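> Structure incoming, see below.
The values are calculated or read from the model by the stated rules, or taken from the named source; none is laboratory data. Bear in mind that the values here come from a model prediction, so they are computed numbers and not experimental data. With ideal geometry, Cβ positions are generated from the backbone for all residues, glycine too; neighbour counts draw on all protein chains shown. Surface accessibility is based on the protein's heavy atoms, side chains included, excluding ligands, DNA and RNA. Shrake-Rupley method; radii C 1.70, N 1.55, O 1.52, S 1.80 Å.
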Amino acid sequence: MIPNAITIGRLCALPVFLWLYSLRAPAPSWPTALFVCALAATDVLDGWLARRYRWQSQLGRVLDPVADRIVYLFLVGALLLFGVLPWWAVVPLIVRDGLMLAGAALMLFRYHERPSILRSGRLANLTLFCGIELFIVGARAVAWPVYAVGGTLYLVAGFGYVWRQFGRWRRARPSSAAA
């Protein structure tokens with residue numbers, strides 16, 4: 001399917017991002033920022049195409065959110081690698097995404113469920129993305145507060161996913177015990 005190919009293309013473009021950013025990092029890099037915007041646009045495009053033309057697939061339902069997590073890990077990892085962000089600003093996001101990926105794998109393989117997206121998760125992604133972009137272009141005075149808000153929302157949304165899933169499992173347990 002075309003949306004899955006776009007998602008895989010986004011993942012394959014990550015080394016290009018790293019190369020492009022390495023040309024100027026940690027100095028501001030507008031070409032890199034534009035490239036990252038293009039990566040984000042492909043995320044919007046693949047979702048829109050899948051819904052608009054009903055090209056949704058089981059693979060896409062799993063691949064797209066996993067690709068999103070990998071892209072965010074790659075972006076903040078590059079900011080850490082090039083000294084733009086300190087470890088303490090990156091590690092909580094990496095731990096959160098690692099736990100989210102592990103939880104999603106557990107849900108998929110053990111319970112045959114795919115986690116659904118929370119609105120707070122989308123807001124967190126957008127805010128964090130804006131903070132990352134501001135760091136890439138060198139607007140650090142504005143980037144720090146935006147990144148802090150985005151990172152906080154990102155962690156809160158992660159807890160929201162966990163809380164919601166535990167509630168689903170807790171509600172499902174009595175009915176399965178009765179059967």
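> Rounded to the nearest whole Å², what accessible area per residue is found for the chain with the 1.4 Å probe? Don't jump to the answer; show the numbers that get you there.
Values: 10370 Å² over 179 residues.
Per-residue value: 58 Å².
> Largest first and in whole Å, what are the equivalent-ellipsoid semi-axes of the chain based on the Cα gyration tensor, each being the root of 5 times an eigenvalue? Mind dumping the intermediate values first?
Working: eigenvalues 194, 82, 33 Å².
Computed over the chain, the values are 31, 20, 13 Å.
> What is the extension gain from Trp30 to Met1, computed as 0.36 nm multiplied by their sequence separation minus the C-alpha to C-alpha distance, in nm to one decimal? Before the final figure, lay out each step's value.
Values: separation 29, 0.36 × 29 = 10.44 nm, distance 3.22 nm.
This chain segment gains 7.2 nm when fully extended.
> Further, regarding this structure: With each run of n ≥ 4 DSSP H residues scored as -39500 (n - 2.57), what mean residue ellipticity at 222 nm is computed for the chain after dividing by its residue count and rounding to the nearest 500 deg cm²/dmol? Display every interim value, and only then the final one.
Values: 7 runs with 149 residues, N = 179.
Value at 222 nm, helices only, nearest 500: -29000 deg cm²/dmol.
> For Trp144, tell me the accessible area in Å² from a 1.4 Å probe, rounded to the nearest 10.
90
> Also, quick follow-up: Taking the chain as the reference, fit the longest principal axis to its C-alpha atoms, fit the long axis of helix 30-52 to the helix C-alpha atoms, and give the angle between the two in degrees, 0 to 90, nearest 10.
30
> Moving on. Of the heavy-atom accessible surface of the chain (probe 1.4 angstrom), what whole percent is carbon and sulfur? Show your work: numbers first, answer last.
Details: 7400 of 10370 Å².
Answer for the chain is 71 percent, counting heavy atoms of protein chains only.
> Ok, one more. In debye, nearest 20, what is the charge dipole magnitude of the stretch 57-173 about its Cα centre with +1 on Lys and Arg Cβ and -1 on Asp and Glu Cβ, if you could check? Working shown, then result.
On the way: 13 positive and 5 negative charges, 136 e Å.
Value, rounded to 20: 660 debye.
> Working out 0.36 nm times the residue gap between Trp19 and Leu108, then minus their Cα-Cα distance, what length gain in nm do you get to one decimal?
Values: separation 89, 0.36 × 89 = 32.04 nm, distance 3.40 nm.
Using 0.36 nm per residue and subtracting the Cα-Cα distance, I get 28.6 nm.
> Take peptides 130-143, 33-46 and line them up by average Cβ neighbours within 10 Å, highest first, as a rough protection proxy. Before the final figure, lay out each step's value.
On the way: 130-143: 18.7, 33-46: 17.0.
My ranking of the peptides, most packed first, is 130-143, 33-46.
> Using only Cα atoms, find the angle between the long axis of helix 87-111 and the longest principal axis of the chain, and express it within 0 to 90 degrees, rounded to the nearest 10.
30
> Something else about it: At Val44 and Ser120, where each label point lies 7 Å from the Cα along Cα→Cβ, what is the point-to-point distance in nanometres?
With each label point 7 Å from Cα toward Cβ, the separation is 2.5 nm.
> Right, something else. Can you give me the Kirkwood hydrodynamic radius for the stretch 12-72, using every pair of distinct Cα atoms, in Å to one decimal? Please report the intermediate quantities before stating the final value.
Values: mean 1/r = 0.0776 Å⁻¹.
Across the stretch 12-72, the inverse of the average 1/r is 12.9 Å.
> Any idea what the relative contact order of the chain is, in percent, if you count C-alpha pairs under 8 Å spaced at least 6 apart?
It comes to 23 percent, rounded to a whole number.
> Quick check: pseudo-label points 7 Å beyond the Cα along Cα→Cβ at Leu81 and Cys12, how many nm apart are they?
Label-label distance for Leu81 and Cys12, simple model: 2.0 nm.
> Considering only Phe166, Ala104, Ala40, whose Cα is most displaced toward the positive end of the charge dipole of the chain, charges sitting on Cβ of Lys, Arg (+1) and Asp, Glu (-1)?
Towards the positive end, the residue furthest out is Phe166.
> What ratio of Cα Rg to 2.2 N^0.38 Å holds for the stretch 124-165?
Working: Rg = 11.6 Å, N = 42, 2.2 N^0.38 = 9.1 Å.
Dividing the Cα radius of gyration by 2.2 N^0.38 Å gives 1.27.
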